[in-house]
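The values are calculated or read from the model by the stated rules, or taken from the named source; none is laboratory data. This is a predicted model, so every value here is computed, not measured. Counting neighbours? That spans all protein chains shown, and the Cβs are built from the backbone with ideal geometry, glycine included. Just so you know, the surface numbers come from the protein's heavy atoms only, side chains and all, with ligands and any DNA or RNA stripped out. Shrake-Rupley method; radii C 1.70, N 1.55, O 1.52, S 1.80 Å.
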Amino acid sequence: MAVPKQKQSHSRTNKRRSQHKLEAPTYNRCPQCHSPRRPHRVCPVCGTYGGREVVAPELGHEHDH
């Protein structure tokens, strides 16, 4: 089994771990209603995807909790 010959320094370890951070989710504009939406997903405002209406848009959040 391969074993490192020397201990990896804290500096080198921290440089590697500096890339292990969370990224903010990307948002694009909906081509129909121009509201922000996640890429490759149905628009939550107008309900369109790929230039056609896929689902009926939600008019309001009427959930009873």
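Restricting to segment 16-30, name every residue that is under 30 Å from G51 (Cβ atoms) and open to solvent by 90 Å² or more (accessible area, probe 1.4 Å).
E23, Y27, R29
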Checklist outcome for this item: Residue hits (segment 17-51; at pLDDT below 95 and of a type in the set (K, R)) are K21, R29, R37, R38, R41
